[in-house]
Amino acid sequence: MSHSRGTSAENPEPESTLDRVKTWYHVPALLLVLGFMLWNRAKNYSSYIVDGEVLFSGTDPWYHYRSTMYVVENWPATMPFDPWTYFPYGTRTGQFGTLMDQVFGTIAIIIGLGDPSAHTVAMVALFAPVVMGAVAAIPTYYMGRRLAGRIGGVTAAVILALSAGLFLQRSLVGVYDHQVAEGLLQVTSVLAVMVALSVGERDKPVYEQFLDRDVPALRATVGYSMLAGVAISLYLWTWPPAVLLLGILGAFFLLWLTIEFVRGKSPEHTAIVGAVSMGTVAVLQLAVLQQLTISATDHTLLQVLLAAAIAGGCVFMAWLARFIEANDYDRNLYPVIVGGILATLAILAAVLTPDLFNYFVNQVLRVIGFTSSPAAKQTSIGEATPLSEPSRLYQYHGLALFTAIIGALLVLFNQIVDRDASAERFLIVVWFAFILAASFTQVRFGVYLVFPVAALSAIAVDYVVRWTDFSFDDGVEAYEVITIASVVLILFGTLLLVSPTAMDVGDGAAPGQEPAAWTESMEWLEENSPEEGAYGTGDNGTLEYYGTYADRDDYDYGEGEYGVMSWWDYGHIITVQGERIPNANPFQQGAGTAANFLLSPTETQANSVLNETDEDDAKTRYVAVDWKMANTYGAAGGKFFAPPRFYDKSNVSADDYYGTIRSQQNQQYFNYRTQDYYESMVVRLYEYHGSAKEPQSASQPFVYVVDWETATTQEGQTVRATPSDGTPAVKRFRTMEAARNYTDSDATSQIGGFGAQPGERVPAQNTTGTSVPASEALTAPTRTISSSSSSLPSVSYPASRPGTVPVQGTRRSCPSATRRTVRLTRLLIPWTTPTPRGRRYSSALRAEP
């Protein structure tokens, strides 16, 4: 029996292997990228699970974990108000307890079959950033593909995978923070707007089609524009300050509609996309509106009104274009009229609503203002500080950053020479410009930068491929291979070879030092201190940990409920690990009160600070301090530099508490302290446990003198420097008289100020009672932060657990070297966790544990 195979047209030749590679190479490439991103982010996950307990990096992830647990306990609601922080007021959670927590709370419920354990929720939170970080490769790929074909998509995805920047750092295992969700949702939102713009350019909708209800003609443009609005709304629901993207899109529509009309085209098609997408955002934001105020940190009228203003602006600009065209006016008047209207509105706002005008100006400047000297309080938040080392951008993104700049210039050049240039590409340039400015202004915005860098690099690669006319079908020339190989080396070589690489960052993933260090202390606090509502009442706790509390400005705490005073960095740790209420938290709420207490020079002032905030039946009962709060070396983790920026009882700065002496032989330095430092409450509690401290004692027979001289650097700056005669900067004397004789004859010297040694007696804090047996004290490890030299002492600090100090509490044994119970007017200070033994200094002035 014969079987006819038909004609060649009916039975084409089987696809060759090369054809299949050219058709499908992007699929395995993208799968490899996704696999690498998942592995690199998650490979250190085991270090986050200690004795069955899940730990997180930093402090914010702990509060996100609490917010997610609330969703699990109260699904699908998010926490409207939290009285378990910012004692004695409570707070709205604002940027926490949003869509991200709802999503992963729901996933935990599904995994836990409706009733997940706390451990299950913690495990979901542990891996959530890994998944979000890897999934971001998908919109990045499609963005690159839209701009530069499949090779552009693969290029963009690989750059994202190999970048060692903030997006990778914020999407490592254990970093359960909203920043990774921000990056994922922002790139998704921009991609959605790109699609809507291309559909609008293709279908060219006009106003009359709405009047005629021409649904088939409008369906695609309106539908994709609404989807873009939904994507942007999801971003805003996750992070209310995402109004930054609204500002970027507003600037894009303003510029693009103007460019289109001036070069003879109708801006109406793009204006419809902007009006529909932004109108969708305004409507959807009404669904989560929490407060009828103007604030970027919560769901307020700001998001609604800004989106509505952009939508209205697009409609107005489309109408203005028609008006100018109908009256045959010069098209060049269009930008003049638009600019004049905006300037007039700004002037009116400045005159009629100066507070509102100043608010917007300040917000713009603090986000994209290249701020070189931000407010002192802002600099105490690491992620809100300006980018001090621009070289970090190269370390994070390699030569891809410069490739992106070249890509942006090529796009702008094409806008000049090509009347039909793409709106999508211009949007990416505007996006890149704003995010680059924001990254210089606040470090935290660098989490977004990798996405426009990847997209613009894809465009640059597309130009190279088109210039070389690279094609397997026409044969491959040597110069084409060399060119493509050079591009690959330039883009990916630095990302793979220049430290830190993405794999280096992945290798460094580890739990946050502070939460891990505070774990034991917080366990003690939870197990040994009265529950909230039970202090002094003998009753059980009355404040439900995952309870639902109505939103309010000031929570009225009940009898027996109390606060724990500490620096604001530790607030979430106290809330989540200790299940107690901190006076201050990482939202910087209560930071002023905490600073005023911790720097109080007397017990009277410390008590007064608490009296100003405490309620009649709910008071601050504990104080928690650690070595960082008393340490002056900010680069080594010390936090003493921060409270003076918030202190408002008098005009002080860090210089009133410590200064720096630099070596004249090398770049080494050390900090000396003033008497005000030793008399501050935080130092008296941490270093001396409330006991008196003498400049000289039986345990410390020497009197120390810090000696320096004034020097001028090559830049003309006057600094304190080590003595030029080569004698040590820290000198020892056997008697106080000898030390005083030296300082009397040398105006650039002081008694004390080195380590824990004051220059004058620090009095005990109303010491009463008798000595009590000491619990077992542990000697903490030390870390050296400056090497010793002939004139510069080596300074070490303890990496110890924090001490927890009860206020007006029951007397407990004191496991400190002082072995005594110390009582203030309001403070009874027995240490409740092991604290480091007193430190002694050898003749070489090297600190020893």
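The values are calculated or read from the model by the stated rules, or taken from the named source; none is laboratory data. In this text, all values refer to a predicted model and were calculated from it rather than measured experimentally. Glycine gets a Cβ as well: all are built from the backbone with ideal geometry, and neighbour counts include every protein chain shown. Ligands, DNA and RNA are excluded from the accessible area calculation, which covers all protein heavy atoms including side chains. Shrake-Rupley method; radii C 1.70, N 1.55, O 1.52, S 1.80 Å.
Counting only residues that are assigned to a helix (DSSP H, G or I) and under 22 Å from the mean Cα position of the chain (by Cα), which one in segment 488-504 is nearest to residue 464 (Cα to Cα)? Here the residue is 502.
Restricting attention to segment 164-175, does a residue exist that is out of contact with any strand residue (DSSP E or B) (no Cβ under 7 Å at 6 or more places or on another chain), in a helix (DSSP H, G or I), touching a residue at least 60 places away in the same chain (Cβ under 8 Å) and of a type in the set (A, V, I, L, M)? There is at least one residue in segment 164-175 that is out of contact with any strand residue (DSSP E or B) (no Cβ under 7 Å at 6 or more places or on another chain), in a helix (DSSP H, G or I), touching a residue at least 60 places away in the same chain (Cβ under 8 Å) and of a type in the set (A, V, I, L, M).
Against the conditions (1) at pLDDT below 85; (2) of a type in the set (Lys, Arg); (3) open to solvent by less than 50 Å² (accessible area, probe 1.4 Å), residue 20 satisfies every one except (3). Report yes if residue 566 is of a type in the set (S, T, N, Q), more than 24 Å from the chain's Cα centre (by Cα) and open to solvent by less than 10 Å² (accessible area, probe 1.4 Å), otherwise no. Considered against the rule, which asks whether it is of a type in the set (S, T, N, Q), more than 24 Å from the chain's Cα centre (by Cα) and open to solvent by less than 10 Å² (accessible area, probe 1.4 Å), residue 566 comes out as no.
Candidates 688, 672, 704, 677: the one that is of a type outside the set (Asp, Glu), touching a residue at least 12 places away in the same chain (Cβ under 8 Å), farther than 25 Å from residue 605 by Cβ and open to solvent by less than 70 Å² (accessible area, probe 1.4 Å) is 704. When residue 78 is tested against (1) open to solvent by less than 10 Å² (accessible area, probe 1.4 Å); (2) hydroxyl-bearing (Ser, Thr, Tyr); (3) part of a loop (DSSP other than H, G, I, E, B), exactly one condition is not met: (1). Looking for something among the hydroxyl-bearing types (Ser, Thr, Tyr) and under 23 Å from the mean Cα position of the chain (by Cα) - is there at least one such residue anywhere in segment 570-588? Checking segment 570-588: at least one residue is among the hydroxyl-bearing types (Ser, Thr, Tyr) and under 23 Å from the mean Cα position of the chain (by Cα). Within segment 396-411, track down each residue that is open to solvent by less than 70 Å² (accessible area, probe 1.4 Å) and on the phi < 0 side of the Ramachandran plot. Within segment 396-411, 396, 397, 399, 400, 401, 403, 404, 405, 407, 408, 410, 411 meet the criteria.
If you go through segment 295-308 and keep only what is farther than 22 Å from residue 257 by Cβ, surrounded by 23 or more Cβ atoms within 10 Å (Cβ to Cβ) and among the aliphatic types (A, V, I, L, M), you end up with just 302.
Just the residues that are over 19 Å from residue 426 (Cβ atoms) and open to solvent by less than 10 Å² (accessible area, probe 1.4 Å), please, taken from segment 141-165. Once the filter is applied, which keeps residues that are over 19 Å from residue 426 (Cβ atoms) and open to solvent by less than 10 Å² (accessible area, probe 1.4 Å), segment 141-165 yields 141, 153, 157, 159, 160, 161, 163, 164, 165. Here residue 89 fits the description: under 25 Å from the mean Cα position of the chain (by Cα), open to solvent by 10 Å² or more (accessible area, probe 1.4 Å) and not β-branched (Val, Ile, Thr).
Would a scan of segment 166-175 turn up a residue that is open to solvent by 20 Å² or more (accessible area, probe 1.4 Å) and in contact with a Leu (Cβ under 9 Å, 6 or more places away or on another chain)? Looking through segment 166-175, none of the residues is open to solvent by 20 Å² or more (accessible area, probe 1.4 Å) and in contact with a Leu (Cβ under 9 Å, 6 or more places away or on another chain).
Residue check: residue 655 meets all listed conditions (1) in contact with a helix residue (DSSP H, G or I) (Cβ under 9 Å, 6 or more places away or on another chain); (2) without any contact (Cβ under 8 Å) to a residue 60 or more places away in the chain; (3) farther than 23 Å from residue 638 by Cα; (4) open to solvent by 60 Å² or more (accessible area, probe 1.4 Å) but one, namely (3).
So that you can scan it fast, the table gives a plain yes or no per residue for (1) within 30 Å of residue 102 (Cβ to Cβ); (2) among the hydrophobic types (A, V, I, L, M, F, W, C); (3) crowded, with 20+ Cβ neighbours inside 10 Å:
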| site | (1), (2), (3) |
| --- | --- |
| 244 | yes, yes, yes |
| 251 | no, yes, no |
| 256 | no, yes, yes |
| 261 | no, yes, yes |
| 271 | no, yes, yes |
| 274 | yes, no, yes |
| 277 | yes, no, yes |
| 283 | yes, yes, no |
| 293 | yes, no, no |
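If you go through segment 29-59 and pick out every residue that is in a helix (DSSP H, G or I), modelled with pLDDT of 90 or more and open to solvent by less than 60 Å² (accessible area, probe 1.4 Å), you end up with 11. Restricting attention to segment 593-623 and to residues that are farther than 23 Å from residue 691 by Cα and in contact with a helix residue (DSSP H, G or I) (Cβ under 8 Å, 6 or more places away or on another chain), the residue that is most open to solvent (accessible area, probe 1.4 Å) turns out to be 612. In segment 436-455, the residues that are more than 13 Å from residue 387 (Cβ to Cβ) form Cβ pairs under 9 Å with partners that are acidic (Asp, Glu), at six or more places apart or across chains, as follows: 448/182. Consider segment 517-561 and keep the residues that are of a type in the set (S, T, N, Q) and closer than 14 Å to residue 577 by Cα. The one that is most open to solvent (accessible area, probe 1.4 Å) is 528.
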